[in-house]
Amino acid sequence: MTNLDSKPKLPTPPRHLSKEARGWWVRLVQEYTIDDTPGLLVLEATLEAFDRLRGAQKVLAEEGITLADRFGQPRQHPATMVERDARTALMRGLKALNLDVVLPGAVGRPAGGA
């Protein structure tokens, strides 16, 4: 006998993701239909980009956005490029999944389609 009211088992988040990213995984698979393998792979890559973004933001908060080169001149911190690229990958992943969510620290479209 099957229970027609039982909910299908949701995919569990990959263990290598941060606690914050795993929380987003759970929320997204609960709120959206992401249950096929390609969709889950895109979601995993998207949340890896999210973790990379958070890592770069942490480094920049600690070290600043510039570093002194060997001549003592200020140069852009390499983590600024990691942050930019991770943010781009995150937003592209959300777009590929056709999700309209705004994660903390991410730049999204304004509400109302403006």
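The values are calculated or read from the model by the stated rules, or taken from the named source; none is laboratory data. Keep in mind it's a predicted model, so treat the numbers as computed, not measured. All Cβ positions, even for glycine, are placed from backbone atoms using ideal geometry, and neighbour counts span all protein chains on display.
Quick one: is Leu53 touching a Phe, Trp or Tyr at 6+ places or on another chain (Cβ under 9 Å) and at pLDDT 95 or above? Break it down stepwise before answering.
Values: touching a Phe, Trp or Tyr at 6+ places or on another chain (Cβ under 9 Å): no; at pLDDT 95 or above: yes.
Considered against the rule, which asks whether it is touching a Phe, Trp or Tyr at 6+ places or on another chain (Cβ under 9 Å) and at pLDDT 95 or above, Leu53 comes out as no.
Please go through region 11-22 and give me each residue that is part of a helix (DSSP H, G or I) and over 11 Å from the mean Cα position of the chain (by Cα), ordered by number. Step through it out loud before you land on a result.
Residues of region 11-22 that are part of a helix (DSSP H, G or I), as a first pass: 19-22.
Within region 11-22, Lys19 is the sole residue that qualifies.
Which ones in region 62-96 are crowded, with 17+ Cβ neighbours inside 10 Å, within 19 Å of Leu28 (Cβ to Cβ) and among the aliphatic types (A, V, I, L, M)?
Hits for region 62-96 are Ala86, Ala89, Leu90, Met91, Leu94.
When the residues of region 12-49 are narrowed to those that are in contact with a Pro (Cβ under 9 Å, 6 or more places away or on another chain) and among the aromatic types (Phe, Trp, Tyr), which ends up surrounded by the fewest Cβ atoms within 10 Å (Cβ to Cβ)?
That would be Trp24.
Name the pairs whose Cβ atoms lie under 7 Å apart, with the first residue in region 40-64 and in contact (Cβ under 8 Å) with a residue 24 or more places away in the chain and under 20 Å from Arg75 (Cβ atoms), the second surrounded by fewer than 19 Cβ atoms within 10 Å (Cβ to Cβ) and of a type in the set (Val, Ile, Thr), and 6 or more positions between them or separate chains?
Ala56/Val82
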